[in-house]
Amino acid sequence: MIDREQVLHVARLARLRLSEEEVERMATELSGILGHVERISSLDLDGVEPTAHVIELQNVLRPDEPRPSLPRERALASAPDPAEDSFRVPSPQA
């Protein structure tokens with residue numbers, strides 16, 4: 001079980017300020033998490049492929065294929081203040 005001092009040490013490393021109630025709750029929650037990790041560590045996982053997701057994900061985006069872009073003149077037609085075939089933007093304030 002995680003004790004109070006270990007919770008305070010982790011909180012200090014993470015720069016967290018915890019109330020007494022939170023320290024007690026974190027000790028219980030962290031102990032539970034470590035219990036689950038211990039149970040998983042005891043399983044025979046030889047031959048089990050490491051995964052990042054429990055189900056296979058598929059990319060739903062279309063393939064990226066080159067195609068003609070918007071003509072420069074048309075893109076700049078609605079620009080409030082174009083300059084030298086470019087968009088003019090305000091300079092950042094210091």
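Annotations
- Acute angle (nearest 10 degrees) that the helix 20-41 long axis makes with the longest principal axis of the chain, alpha-carbon atoms: 90 degrees
- Pairwise label distance in nanometres, Arg74 with Leu57, each label 7 Å out on the Cα-Cβ vector: 3.5 nm
- Taking the C-alpha atoms only, the angle from helix 4-13 to the longest principal axis of the chain is near 20 degrees.
All of the numbers you see were taken from the coordinates with simple rules; none came from a lab. Everything numeric in this text was worked out from a predicted model, so none of it was measured. Note that we place each Cβ from the backbone using ideal geometry, even for glycine, and neighbour counts take in every protein chain shown.
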